[in-house]
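See below for the structure under consideration.
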Amino acid sequence: MQILPAIDLRGGKCVNLVQGIASQETVFSDTPVEMAVQWQAEGAEYLHLVDLDGAFQGESANLHIVGEIVSALDIPVQLGGGIRSMGQLEAVLALGVDRAILGTVALKQPSLVKQACAEYSARIAVGIDAKDGMVATEGWLEVSQKSAVEFAHEMADVQTIIYTDIKSDGMLKGPNVDATADIIDAVPANVIASGGVTSLTDVTALKQIGASGAIIGRALYTGDLALRDAIAAG
C-alpha cells in the first residue's frame, strides 16, 4: 500500500483544516516547496496536493506553487481542489501533475469525468468526500443526497478513487475503516483512503481492507506518525 504525504495549500502556505472547516486552520509551513522536498527525502513515492483555495472558490488558485513543487521533485504528484472544467483540468496536467482529482464536478457533471477518462485515462482520479456516508461538495460546504457507495458505482470509468471521511479529517482519531471498506468492496477501482490516519495501527487496518494507498496529513506534521514508519507498515 502506498503512503502519500499530504500538502494542503491555502494562501500559498502549507496548512491543515479540522474537518475541512476554513476557520479551524493550522499553518504548518510557509514554504510548501521545501515541505514537498522534505517528504521526498524521507522516502515518499507519491505526493498528494490539495488546493484549498480552489476547492472553496471553484477555481485553482495555487497553480504556480504546484508547478514549483512538480519541478522540484522526482516523484509524481496528484492534485485536487477547484478543478471543475476541461480547461482547468488541462492546465493542471500541463504543469506535469501526474494525476488530477475531480471532486465537485464529478457529482455535478459526470459526463465531464467520462470525457476526461477517455482522454487521459489513469491520469484522472475521482475524489469522494463523505459526511455520514453522503457525498459532500464545494470544499465540503454542501452535502448531497447521494450516498458515497452509490456515487462510487457510477464512476465506472475511473481507475482511482480517493475516499475521504470528512468527520475523521484532521481529528487524529483514526480513519473510518468500515466506510472505506464499503467503497473498496463496491468498485474495481483502486481506492486511496484519506482522513484521520494517525497511527501504524491505522495504516495496517487500511492495508488489510485492500486500500491501494493512504493519504496522511496532520499526523505527519504533528509528529504523531513518522513517514518512514508509515511507509514500512504500508
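For the residues 172, 206, the requirement of being over 24 Å from residue 143 (Cα atoms) and either crowded, with 21+ Cβ neighbours inside 10 Å or of a type in the set (A, V, I, L, M) (or both) singles out 206. If you go through the range 61-88 and keep only what is under 16 Å from residue 106 (Cα atoms), polar (S, T, N, Q) and in a loop (DSSP other than H, G, I, E, B), you end up with just 85.
Taking the range 79-105 as the search range and keeping residues that are of a type outside the set (Gly, Ala, Ser), under 20 Å from residue 130 (Cα atoms) and open to solvent by less than 30 Å² (accessible area, probe 1.4 Å), which one is modelled with the lowest pLDDT? The qualifying residue modelled with the lowest pLDDT is 104. Scanning the range 205-228 for residues that are over 15 Å from residue 4 (Cβ atoms) and touching a helix residue (DSSP H, G or I) at 6+ places or on another chain (Cβ under 6 Å) returns 205, 209, 210.
Check the range 212-229 and report whether any residue there is closer than 24 Å to residue 131 by Cβ, surrounded by fewer than 16 Cβ atoms within 10 Å (Cβ to Cβ) and out of contact with any Leu (no Cβ under 8 Å at 6 or more places or on another chain). No, the range 212-229 has no match at all. Quick one: in the range 1-15, of everything that is over 11 Å from residue 50 (Cα atoms) and among the small types (Gly, Ala, Ser), which residue is least open to solvent (accessible area, probe 1.4 Å)? Residue satisfying both the conditions and the ranking: 12.
The values are calculated or read from the model by the stated rules, or taken from the named source; none is laboratory data. Remember, predicted model here, so these are calculated numbers, not experimental data. Here the Cβ is made from the backbone with ideal geometry for all residues, glycine too, and neighbour counts use every protein chain on show. These area figures cover heavy atoms from the full protein model, side chains too; ligands, DNA and RNA do not enter into them. Shrake-Rupley method; radii C 1.70, N 1.55, O 1.52, S 1.80 Å.
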